[in-house]
Structures are given as C-alpha cells and as structure tokens.
Amino acid sequence: MKHLCTLCCAALLALSAAAQPGYRPTPENLASRQQFADARFGIFLHWGLYAMLAQGEWAMTNLDLNYREYEKLAGGFYPAKFDAQAWVTAIREGGARYICFTTRHHDGFSMFHTAQSPYNIVDATPFARDVLKELCDECHRQGIRIHFYYSLIDWWREDAPRGRTGLGTGRPEGTEDADSYFAFMKAQLTELLTNYGEVGAIWFDGVWDQDRNPDFDWRLDELYALIHRLQPACLIINNHHLDPFEGEDAQVFERDLPGENTAGYSEQGISQLPLETCQTMNGMWGYKITDQNYKSSDELIRYLAGAAGRGANLLLNIGPQPDGELPAAALERLEEMGSWLRTNGQTIYGTQAGPVEPRSWGVTTRKGEKVYVHILDWPDTELFLPLPASQLRVTGAVRFADGTKVRYHQDNTGITLRLPERPETPDCIIELTTAR
C-alpha cells in the first residue's frame, strides 16, 4: 500500500492519460461489476517476505535494506502453519464474499510460482509451495471470489523504473529498462490470468510512485487491454487516488469512505463505477509485531455499514503472520462480524446506497421496496429523515432485529421516527417499507 505522503496531484493527472481509449465493458464484465457491488465485504491479505521482519510491508524501503540482503529472507521463509482451507473458511464464515491477495508487493517478491523470475515462493524458499494456487483452489471450492493485488513498483528488480520510493535499496545506477520491466509485468499478469482459474479483479497499486515524474508512462493501456482480453469479466481496480482512468471497472478509496478524506488520499471525485474502500483492522497492512491496536468489532461493523450506505464495498485488511497463520485478534473480529452479518446481512449484501445521504447519525441502504436506516451514532428519542412523502411514501416501520413496530410521522418535509429504547448494538437498524 501507499506510504503516507503528500501527493503531487497535478503531476499525477498529467501522467494519467486515459488508459484503453474507447473501452467498452463486455456483458461478462458488467455482470462481474454487479456481483462485485452486491458482495459489499471483502478481505485484503498483505503477505510476503516482509512478514518475517514483522515491521510492515514497507520495511525494505523504510529501513533502506540492501536488496541483496533482503532477498536472503527467502531462504528462511517457511510458513509451516499456512492452511488455505482454514483461511478461506474463517473469511467466508466472517461474512466476506471475496479475498484480495498480494501476489507481488513493492519488495518484488512473487507469492506465486512464476517463470519470469526465480525470486518467488516456490523457487526461492524451502517452503516450495504455490500458496496462491492453494488459496485460489480453496476459494473456488468454497465459492469465494479471488482478486489479485499486483504492484506496479519493484524495489528489488534492477530494471524497474525508479520513483520516489525504494531508492535506498542499493540497486546499481543505470540499470533501469522500462521495456524489459513492462514485458516482465505483462508476462506475470498473463500467468496470473491463465494459471489460476477465474479471477475477479486485478488490483493495481503504485501509480503514485511517479508523482514527481509527470512524463512517466505506466503503459496502463497495454496492461488493461491484456487483462480484458485474457479474462473479459476480470475487473480492473487501481489504487492511484485519482478519478478513474478509462479502462477501469471499479473505483477504490484508501483508508476513507467515499466522500471523506481524513487520511489525505481521497481528493478524487466519486464516479458511477462500483466503489470500494480499503481499510486496516489495526494500523499496518503487513504484519507488524508491535501493532496490536486492532479496531473493535463494533467499529468495524459501523465502518461496513457506513461503506454500504455510500454504495461501497469494504475491503478489510489482515496481515498474516510469518508462520502462515492469521492473527488471533483478526480471527476474533472476523467471527464477530460474521455473527452480525448472519443476522443483519440482508441490510448490507446486494443493497444500494439509500435515499438519504450519510448523516452524522448514520446511513441508509436500500433493496427493492425496503429502506434500512442504520443508526450508528444514537441521536435523541426522535430521528428526522429528509424523505418527503412526495419522493418516497413510507407504509411501515419496524426494528429489523425483532420486528417491533416503530411509530413515525411523514409529511411533505420528511419522516420522523420515534425511536425505541436504545439497544446495546453497534448498529440499530430500522426497516422502512415504501411505496412510490
């Protein structure tokens, strides 16, 4: 993921010439977009050699580690407790509908068996297993969609273009070769879209690394055309913190809900594409031994509802341990979120943003004739919604949890709900039945 910094937006906009001019999504792609939007909840997995250092996924550049010394980590990487079935089962029971896995992060190590470089988990480690293949097979078996994170940056390869990160890794000067590097990336993407079955999305990261280089060409038109040719239904998502480029199929926001910008990455507008917000369970993306500041399950549930109320998915990150297990704290949160979703998932999955824009008290979601009022921050004994009868007539209101009737009054200014006793839940949901 992107390190905290101030983006040079003007330069990035200059380098983001429209990818794949005239792109028209296929019917398969449009169906995939709808399936993605209906899912509403996915799990991000940041896992690689950096887990062994337990300092997060940016350790190589943050600590200016020599690339030849860093690569020696591979010789000791043996995640004996990795169990794809256990991972996918926990994630599925946690209510997530898809997984996004880091196939190659900025450190350049491939977490899959690639013929393009020996620097991969099968050829360079004593573990010698293709964890991506095992994860994909299990996802397909359990009916979970699989997405592939793929870094455009590489701090290890000598031919990789130099941006503003990874400059202290000791690679020799004068070895950059853009043609060689892009041929490598296209060959790896071809492997990923050929050898691992149906792929839900390719999730790019790193365009921002060249924000000081306005003339740099990421050749996204070539990469996007390749992906759409190999798997037309595969979505393209790019974490560049800008308005979507042509050829992209969904828009992502990092560490913020659409319309917010507390983390400083989300000055872009909100498009009509399917939306996704990626967020961490604790502080880091990759495993960090000192980062035990996990968000509570109540906070995560409210964040999930807040995303759905903005018409967005939540892609919630877990950093697996170096031994191959998911952290116990993350598993606890997954279990609690899964329990909540088994009861309340109807108000999240397959919904659209509701007719009332997000408010300080919460959000609304909608499915057919039902509007779900998610009260995340309890107001007073009454709650006013600017939903006039002329716009949408309400014919009934109940507490979603138990069907208890909720008194209300609607006129041409909106509807006032007489709230029941405040429940001890992270999200009190009122179900409105409507008629046009």
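The values are calculated or read from the model by the stated rules, or taken from the named source; none is laboratory data. All values reported here derive from a predicted model rather than from experimental measurement. A quick note on method: Cβ atoms are made from the backbone with ideal geometry, for glycine too, and the neighbour counts reach across all protein chains shown. The accessibility values were calculated without ligands, DNA or RNA, using every heavy atom of the protein model including side chains. Shrake-Rupley method; radii C 1.70, N 1.55, O 1.52, S 1.80 Å.
Only one of ASP249, ASP256, ASP243 is surrounded by 22 or more Cβ atoms within 10 Å (Cβ to Cβ), in contact (Cβ under 8 Å) with a residue 12 or more places away in the chain and under 19 Å from PHE204 (Cβ atoms); which?
Selected residue: ASP249, the only one of ASP249, ASP256, ASP243 that is surrounded by 22 or more Cβ atoms within 10 Å (Cβ to Cβ), in contact (Cβ under 8 Å) with a residue 12 or more places away in the chain and under 19 Å from PHE204 (Cβ atoms).
Test of understanding: among LEU392, LEU417, which residue is open to solvent by less than 20 Å² (accessible area, probe 1.4 Å) and within 28 Å of ALA37 (Cα to Cα)?
Every option except LEU392 fails the conditions.
List the residue pairs whose Cβ atoms are under 7 Å apart, where the first residue sits in segment 365-386 and is closer than 14 Å to ARG422 by Cβ, the second is small (Gly, Ala, Ser) and part of a strand (DSSP E or B), and the two are 6 or more positions apart or on different chains.
That search, which allows pairs on different chains as well, returns ILE375/GLY362; LEU376/GLY362; ASP377/GLY362.
Among (1) open to solvent by 30 Å² or more (accessible area, probe 1.4 Å); (2) more than 23 Å from ASN29 (Cα to Cα), which single condition is GLN272 missing?
Going through (1) open to solvent by 30 Å² or more (accessible area, probe 1.4 Å); (2) more than 23 Å from ASN29 (Cα to Cα) one by one, GLN272 breaks only (2).
Got a sec? Which of GLY345, GLY362 is open to solvent by less than 40 Å² (accessible area, probe 1.4 Å), of a type outside the set (Ser, Thr, Tyr) and on the phi > 0 side of the Ramachandran plot?
Going through GLY345, GLY362 in turn, just one is open to solvent by less than 40 Å² (accessible area, probe 1.4 Å), of a type outside the set (Ser, Thr, Tyr) and on the phi > 0 side of the Ramachandran plot: GLY362.
Given (1) on the phi < 0 side of the Ramachandran plot; (2) part of a loop (DSSP other than H, G, I, E, B), identify the lone condition not met by GLY324.
With respect to (1) on the phi < 0 side of the Ramachandran plot; (2) part of a loop (DSSP other than H, G, I, E, B), GLY324 is out only on (1).
Which pairs have Cβ atoms under 9 Å, sit 6 or more apart or on different chains, and link a residue in segment 331-349 that is within 23 Å of ASP83 (Cα to Cα) to one that is assigned to a helix (DSSP H, G or I) and of a type in the set (Lys, Arg)?
Listed pairs, sorted by first residue: GLY338/ARG92.
Would you check if there is a residue in segment 374-382 being among the acidic types (Asp, Glu), surrounded by fewer than 12 Cβ atoms within 10 Å (Cβ to Cβ) and on the phi < 0 side of the Ramachandran plot?
Yes, some residue in segment 374-382 is among the acidic types (Asp, Glu), surrounded by fewer than 12 Cβ atoms within 10 Å (Cβ to Cβ) and on the phi < 0 side of the Ramachandran plot.
Keeping to segment 183-206, report how many residues are in contact (Cβ under 8 Å) with a residue 40 or more places away in the chain, assigned to a helix (DSSP H, G or I) and out of contact with any helix residue (DSSP H, G or I) (no Cβ under 7 Å at 6 or more places or on another chain).
Total satisfying the criteria: 5.
Hey, among the residues in segment 44-53 that are hydrophobic (A, V, I, L, M, F, W, C) and open to solvent by less than 10 Å² (accessible area, probe 1.4 Å), which one's farthest from GLN279 (Cα to Cα)?
Across segment 44-53, the extreme among qualifying residues is LEU49.
I need every pair where a residue in segment 63-91 that is free of Cβ contacts under 8 Å to residues at least 12 places away in the same chain has its Cβ under 6 Å from the Cβ of a residue that is part of a helix (DSSP H, G or I), sequence separation at least 6 or different chains.
Going by the 6 Å Cβ cut-off, there are no qualifying pairs.
Tell me which residues, restricted to segment 365-377, are over 17 Å from LEU304 (Cα atoms) and not in a strand (DSSP E or B).
Passing the criteria: GLY368, GLU369.
Could you please tell me which pairs satisfy a Cβ distance under 7 Å, a separation of 6+ or placement on different chains, a first residue in segment 109-134 that is free of Cβ contacts under 8 Å to residues at least 60 places away in the same chain and of a type in the set (Gly, Ala, Ser), and a second residue that is open to solvent by less than 50 Å² (accessible area, probe 1.4 Å) and assigned to a loop (DSSP other than H, G, I, E, B)?
ALA128/VAL122
Out of everything in segment 140-182 that is hydrophobic (A, V, I, L, M, F, W, C) and within 17 Å of PHE216 (Cβ to Cβ), what residue ends up being most open to solvent (accessible area, probe 1.4 Å)?
Filtering segment 140-182 for residues that are hydrophobic (A, V, I, L, M, F, W, C) and within 17 Å of PHE216 (Cβ to Cβ), the one most open to solvent (accessible area, probe 1.4 Å) comes out as LEU167.
Please count how many residues of segment 228-240 are in contact (Cβ under 8 Å) with a residue 12 or more places away in the chain and within 15 Å of PRO21 (Cα to Cα).
Counting residues in segment 228-240 that are in contact (Cβ under 8 Å) with a residue 12 or more places away in the chain and within 15 Å of PRO21 (Cα to Cα) gives 2.
Which one of these does TRP340 not meet: (1) part of a helix (DSSP H, G or I); (2) farther than 18 Å from ILE43 by Cβ?
(2)
Name the residue, out of TYR265, TYR224, that is in a loop (DSSP other than H, G, I, E, B) and either farther than 20 Å from LEU316 by Cα or at pLDDT 95 or above (or both).
Just a single option satisfies the conditions, and that option is TYR265.
Considering only segment 271-291, how many residues are part of a loop (DSSP other than H, G, I, E, B) and within 16 Å of the chain's Cα centre (by Cα)?
Residues flagged as part of a loop (DSSP other than H, G, I, E, B) and within 16 Å of the chain's Cα centre (by Cα) within segment 271-291 amount to 8.
So ASP137 passes all but one of these: (1) open to solvent by less than 10 Å² (accessible area, probe 1.4 Å); (2) part of a helix (DSSP H, G or I). Which condition number does it fail?
Every listed condition holds for ASP137 apart from (1).
Give the number of residues within segment 219-238 that are open to solvent by less than 10 Å² (accessible area, probe 1.4 Å) and more than 23 Å from ASN195 (Cα to Cα).
Within segment 219-238, residues that are open to solvent by less than 10 Å² (accessible area, probe 1.4 Å) and more than 23 Å from ASN195 (Cα to Cα) number 0.
In segment 292-306, what residues are in a loop (DSSP other than H, G, I, E, B) and either open to solvent by less than 10 Å² (accessible area, probe 1.4 Å) or basic (Lys, Arg) (or both)?
Within segment 292-306, just LYS295 meets the criteria.
What is the one condition in (1) over 19 Å from LEU273 (Cα atoms); (2) at pLDDT 95 or above; (3) open to solvent by less than 10 Å² (accessible area, probe 1.4 Å) that PHE41 does not satisfy?
Failed condition: (1).
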